[in-house]
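Just so you know, all these numbers are worked out from the coordinates, no wet-lab data involved. Being a predicted model, the structure only gives us computed values, none of them experimental. As a convention, Cβ positions derive from the backbone with ideal geometry for all residues, glycine included, and neighbour counts pool all protein chains shown.
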Amino acid sequence: MLRLAGGAICGIAAGIITGIGARVAMRMVAEGVPDPIRSIPMFTAEGTFVILSLAALAGAPFGALFAALYDALPGPRRARGILFGVAMLVTIGPLFFSAGRDEFITYERMVLFSFLFPLFGVAAGLLLEPALRVARRLPDLAQGVLVLIAFGGGALVATGIAGFIPEVVQTHGALAVAYAIPWLAVLVVFALRSRLSPAHMLR
């Protein structure tokens, strides 16, 4: 539970950073990034608060997942955050971009918003150890609440992803989501490696 709670703290913080990045990306669109839709975002304090809140809630489950898989991820420890962010981009990004392609996501915006996934990974990689130190100081009840937040946020994210799938299939055909199968298999392998690793067993 400690590791998941620390991961949730890490994900919430990284989610807020990513939400700020999303707001900056929206500002770049408004300031002249080429966009054939010509839709100019409206900026309000309330809108910014909603974006940051949703980013924090969505970040909690991904932070917990990152913490759970961290020891099993390949490569140097400092590079595991960016690796996780790229993995998020190639698994979740296509569903989001393909589902909203005709309404909101132009090629220019697709490139711009793609950077948010690696940004989350980099932030999570830098914040994981400090977040785990904070989690160790928390009582068991607070850790349990953080884990519940991570699972609740994960349920909301899963519901949103499930909602994208019919749109993608309707627009591009069933084979459009087949790319997810090998990535899910890789995720399962890393999860098993993490559960069976000596470092995990010592916790």
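Quick notes
- Counting neighbouring beta carbons within 10 Å and listing from fewest to most, the residues Glu129, Glu46 come out as Glu46, Glu129.
- Ordering 80-92, 116-128 by mean Cβ neighbour count within 10 Å, with the highest value first, yields 116-128, 80-92.
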